[in-house]
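Remarks on the structure that follows.
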Amino acid sequence: MTKVYSVYQTPLTRLKPRLWEVSVMWNYALMLVVVYLIITLSIGWLYTIALLHWF
């Protein structure tokens, strides 16, 4: 039983920094998604203004 416990414990201790890296990656991904959405929304907004202005 102790052997199984140690086998399960070592990957968890190795995973902790890995999980932190993943969380940092997720933060970057979320930031990119937000920036992308802002850019696309602003472009769409400008397009609608241009269309309304032209027609």
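Values quoted throughout were computed directly from the atomic coordinates according to the rules given, and no laboratory measurement underlies them. Note that the structure is predicted; figures quoted are calculated from it, not measured. Neighbour counts are summed over all protein chains in view; Cβ atoms, including those assigned to glycine, are modelled from backbone coordinates with ideal geometry.
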What is the spin-label model distance, in nm, from Thr48 to Val33 if the labels are put 7 Å beyond Cα along the C-beta direction? 2.3 nm
Would you kindly derive the ³J(HN,Hα) couplings of the stretch 31-46 from the backbone phi angles with the Karplus curve 6.51 cos²θ - 1.76 cosθ + 1.60 (θ = phi - 60°), listing them in order in whole Hz, with x for Gly and Pro? 4, 4, 4, 4, 4, 4, 4, 4, 4, 5, 5, 5, 5, x, 4, 4
